[in-house]
Structure formats: structure tokens, C-alpha cells
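K.L.:
Dumping the structure here so I can ask a few things about it.
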Amino acid sequence: MTDPGTEQLILTDDDVFGPVPTEDCASLPCVPLLSATTRTPVTRQNASRHVQVSPTVAVDERVETIWDQGVHEARELAHGQRMLALSWKGRHLPEADRDAIRCEDIAVATALRCTIDQAQRRIRDAHRAVDLLPHTHGLLGEGRFPAAWFTELLTRTSGLTDDEMAVVDVTVRFWDVGIAPEQFTRSLGSVIARILSRRELPPHLAPENRRRVDLEQGPVPGLAAIRIQGPSHEVVAYARRLDTAARAVQNAQRHALEDGSPIPWDPEGEVLETGMPLPLARIRYLLTTLTAPDTPRVHVPAERFRLGVTIPVMTLMGHDDAPGLLDGAIPIPADMARDLAAGQADWERILTDPAGGEFLPLPTDRYRPTQAMLEHLRDRRGTCGFPGCDRSATLATEADHVVEFDHDHPASGGSTSVGNLHLLCWQHHAMKTAGVIDPVRVEPHDSPTDRRGTLWDVGEGLRVFLEDDTDMATPDVVADLEHAWDELREARTKHRRARDGLPPERPPGTSPPSAPAPPPPF
């Protein structure tokens, strides 16, 4: 494909790429924009020529079929976004019904089998697509605008205002959809850059107001990352201080190896064993993870929970490589789980029912659960107990009585027991206290999945069931394992007897088949 480059145009109230209706641009800001075109656009009919110099009939048919799949994908994406956009319900307006919006979020999260935060992002993106990019979204619904392009368009315009989104919409709608994807990406970036250069950033988008540190799960089990975001000069200055400290430690390790003095910052004895100073990247990691934050005049309480590692017993014994769980939610490789277990002096075995638990209810005059109960609840569910909420149970939850504890008449209220407790984040704890959401513990015989769990009433007419986690070796899981083991043992017995030419094994309590009657005498 040839790329003739981009032609700069000016978007004004009187001149918007030729015959564009006035209402499309009546209130749009005047900014330099770009028109993306090509002399050889890619179409369904000529796409195969861009794949192979001399395409055969088979190549033509295959490329055209894939093209049709892309058209179908674009239409399906547009249809799904139109459906999700209905859940927006004007939530950006002050008079929006917040309870109705929460119910929409939960309904979408349940239907898409995702978290509430993910559902909210999907709804917001659908609103932006349908309501703020109507022209481009119309092309998507017709199958003329590639789904991958539209997804990129939504992602890269996430920080724009409604008016700026309209500028992008009336610009991109006139682009040639047969341009190369690289030209689309480059042209889109130029449009966004020109828009941003003409405005003052709102306070919430200024670099100084976007400082944050996030814990992120890595793509490989057993790996995690901390992401630091902030003004470039602050983050770069921190990185330089960290690098300077790491180089000082490395230099000290080198001198210690030379003169035989104690080696600094060698927690695993690697420097002493190898006779080489640690790499700078390792030292930077140690400086970050082994030093406590400096919080003068602020009391930092002790950790509420221990760092919990759940390990299947067969993995612990080395007979299996099933992964362990860190804090009941983060998978880690079997070798890492065994290494962590080997370094601990005390282990706690948990072979309990996730609903009833092995912990007896506290006396009825007791309100606060024991630490053992809290640990058990955290192991039972690694996140907030509300459907779709992914806030960490270890870091961001509070213990809550499913059936409220009666402080005036303790014997009349809900008990402080594992079966009547769960961990909720502060937001959903407050919603439950306010009566907006109402949980009910459900036994297997009343459960839609034949498992214990919690049935949540949310608003009017919406009920969501959340099954208890079954990652631990609970009685339910043990029963399933025993049943599977019995079936496997029975299959192996049948195979062995058939291999050895033996008759099938008789079920217990049955008598052997009677011998055939002797033939009559002659």
C-alpha cells in the first residue's frame, strides 16, 4: 500500500472537510486537523493482492472470508456497545439515580462475568462510543470501520472532553478506511496531539494530580509489579536516587570482597557464595522491598493479616505441581509455594467447611471475631464478598455480620461465627448497613449451584448468587476428590481384569453367577 502522507486541514465553523452539516461542528473548537487518504485503498476485492503478489483463487477466497469475519466483528462490537450504552443512565449528571446505576453495574458485571470495576469501564466506553463518537460508531455498525481501529480510537481518546471527542469524530469519519493501519495510528496520534496542544489541562489531568502507586499482577504466575506514576521530573529524580544508592551498595560490596570485611546488603548470601557483587537491578529491588517507609510522627499499625500461602497437601509433599495461592487470590508456582513453606517454623492446616468452618461460634455477648476467624474468612474469599468487587480481602475489607449482631440483645441477633461472617470493602459494607444491599447465606440444598454461597438482593428485582471459593481442601472438595478417585480406581480395576482375561469384578453383596447345568446323559 502506498502512503501519500497526511494533508493538514483546519476545522472551523465554515469549513469542515467539504459538505458537512453545520450542526456537526457548531460548537467545536478550531484546531488544525488531518485528513488521512491513500491512492490504493484496501478493499474486500483487492485485499488478497496485498497478501501475495500473484494470489490464487484459494487465497482470494480465504482472504475474502477473513475480511467478512472482520465486518461481522465490527458489527457485533457496535451492537454490544449499543446494548451497554443503555446502562449509562446519565450517570454524569448530578440528578442521576445512584442506586439504579449501582444495580446496572451489578447486572452488567453478572452478565459479562467480570468485576464491577470492569463493568463500569465497559459501560463508560460504550457511552463514549455511542454518544460521543456517533458518526464513526455508525461506520462501525455498518462493518466499514475495523473493530481494532475503533478499539484503539476509544483507548487513545480516553482523556478527551466531550467537545474534543466530537472533533475527533467529525474528523475520522472522513478518513479513507482503506489506509494502512500504521497511517491510521499515526494520523490519530497527530489529531490528539494537536487537540491537547490547544487546551489547558484540567486539574485532575495535570501530572501533579496523577501521582499514584499501583500493585499489578505480572503475566507469569509468581510475578507481580509495583507501578509508579507521577510527574516525570519526580519519578526520574526518585529513580536516580535509587540508582545512586544501589551503586553505593555495589561499590561497598566490591570493597568488602577485596578486604574481607562483612558484606552489606547480602540477605541470601549470594555475594559471599559467588565472590561477585550483586547486579544493580537486584540491589535496587532490595532497597525498595526491604526498607520500611519513613512516616515521622505517624503510627503505622501492625499488619492485620499474615502473608498467607495456601498449598495443596500433595504439592507440599512434592507429589503434585498444583499451584499455591498467595493471600488466597494470587496463584504462585508450586516450587515457590514449597520454598515459602520450607522457610516457616509454624504451619496452620485448614481442612474445613467454608461456610460453617471449624471455629465454634463465640459467646453471644462477643462481637469481634478472633484473629483465627479473620484468617479463615480471608482464605475463604480473597476479595470483598460482594459480587463483582475485586478489592483485596487482606488490604481493604472489614468483617461484617451477615445477620446483624444485636448489641442490646446479643442472644437475639446474628452470632459471631464463621458461618455468619464475611469480609466486605468499606463501600459495600456501608451499602449493606444502609440497606441498599442485603445478603443471605445459602446452604447447598437451596443453592443454584449445589454449593454454599451468598444470595444478594440488590435494589428492586435483582438477585445475584455468589458461590464460596472452593480453592481450599474443604469437605465439599474432598468429597469430589474421593468420588473422582473411586471412579478412577474402578476404571483401573476394569482395565487390569480385562487385560489379564479375568471376568468383571462383582459388585459387593452379589453372588457369583450360577454354573451352567450339566448336559443330560445319553
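K.L.:
So is Ser261 surrounded by fewer than 16 Cβ atoms within 10 Å (Cβ to Cβ), hydroxyl-bearing (Ser, Thr, Tyr) and more than 26 Å from Arg210 (Cα to Cα) or not?
P.N.:
Judged against the criteria, Ser261 is a match.
K.L.:
Now for a separate question. Looking at Val418, Val403 in this structure, which one is open to solvent by 40 Å² or more (accessible area, probe 1.4 Å) and aliphatic (A, V, I, L, M)?
P.N.:
Val403
K.L.:
Where residues in the range 456-468 are out of contact with any Pro (no Cβ under 7 Å at 6 or more places or on another chain) and in a strand (DSSP E or B), which of them is most open to solvent (accessible area, probe 1.4 Å)?
P.N.:
By that ranking, first place goes to Arg463.
K.L.:
Follow-up. I'd like to know if the range 376-384 contains one or more residues that are among the aliphatic types (A, V, I, L, M), open to solvent by less than 10 Å² (accessible area, probe 1.4 Å) and either under 29 Å from the mean Cα position of the chain (by Cα) or at pLDDT 85 or above (or both).
P.N.:
Yes, there is a match, as at least one residue in the range 376-384 is among the aliphatic types (A, V, I, L, M), open to solvent by less than 10 Å² (accessible area, probe 1.4 Å) and either under 29 Å from the mean Cα position of the chain (by Cα) or at pLDDT 85 or above (or both).
K.L.:
Turning to a different aspect of this structure: Just give me the residues in the range 101-136 being in a helix (DSSP H, G or I), more than 30 Å from Gly459 (Cα to Cα) and either hydrophobic (A, V, I, L, M, F, W, C) or open to solvent by less than 10 Å² (accessible area, probe 1.4 Å) (or both), in sequence order.
P.N.:
Matches in the range 101-136: Thr136 only.
K.L.:
If you don't mind, there's one more thing I want to ask. Would you mention how many residues in the range 149-182 are polar (S, T, N, Q) and surrounded by fewer than 18 Cβ atoms within 10 Å (Cβ to Cβ)?
P.N.:
4
K.L.:
Follow-up. Please go through the range 272-285 and give me each residue that is open to solvent by less than 90 Å² (accessible area, probe 1.4 Å), under 38 Å from the mean Cα position of the chain (by Cα) and within 20 Å of Asp339 (Cβ to Cβ), ordered by number.
P.N.:
Within the range 272-285, just Leu278 meets the criteria.
K.L.:
Any residue in the range 302-319 that is on the phi > 0 side of the Ramachandran plot and at pLDDT 70 or above sitting within a Cβ distance under 9 Å of a residue that is open to solvent by less than 90 Å² (accessible area, probe 1.4 Å) and not in a loop (DSSP other than H, G, I, E, B)? List the pairs, counting only those 6 or more apart or interchain.
P.N.:
Qualifying pairs under 9 Å: Gly318/Ala334; Gly318/Arg338.
K.L.:
On to the next question. Which of the residues spanning the range 320-353 are modelled with pLDDT of 65 or more, in a loop (DSSP other than H, G, I, E, B) and either closer than 25 Å to Ser392 by Cα or touching a Ser or Thr at 6+ places or on another chain (Cβ under 8 Å) (or both)?
P.N.:
Asp321, Ala322, Pro323, Asp327, Pro333
K.L.:
Take the residues in the range 205-235 that are open to solvent by less than 80 Å² (accessible area, probe 1.4 Å), at pLDDT below 80 and among the hydrophobic types (A, V, I, L, M, F, W, C); name whichever of them is nearest to Ile330 (Cα to Cα).
P.N.:
Across the range 205-235, the extreme among qualifying residues is Val220.
K.L.:
Also, quick follow-up: Just the residues that are modelled with pLDDT under 85 and of a type outside the set (A, V, I, L, M), please, taken from the range 454-468.
P.N.:
Gly459, Glu460, Gly461, Arg463, Glu467, Asp468
K.L.:
Here's something else I'd like to know. Do the conditions hold for Leu196, that is, is it surrounded by 14 or more Cβ atoms within 10 Å (Cβ to Cβ), modelled with pLDDT of 85 or more and not charged (D, E, K, R)?
P.N.:
So Leu196 does not fit the description; no.
K.L.:
Among the residues of the range 149-192, write down those that are in contact with a strand residue (DSSP E or B) (Cβ under 6 Å, 6 or more places away or on another chain), part of a loop (DSSP other than H, G, I, E, B) and β-branched (Val, Ile, Thr).
P.N.:
Within the range 149-192, Ile179 is the sole residue that qualifies.
The values are calculated or read from the model by the stated rules, or taken from the named source; none is laboratory data. Keep in mind that this is a model prediction, so the values were computed, not measured. Positions of Cβ are backbone-derived with ideal geometry, glycine not excepted, and every protein chain shown enters the neighbour counts. Heavy atoms of the whole protein, side chains included, go into the accessibility calculation; ligands, DNA and RNA do not. Shrake-Rupley method; radii C 1.70, N 1.55, O 1.52, S 1.80 Å.
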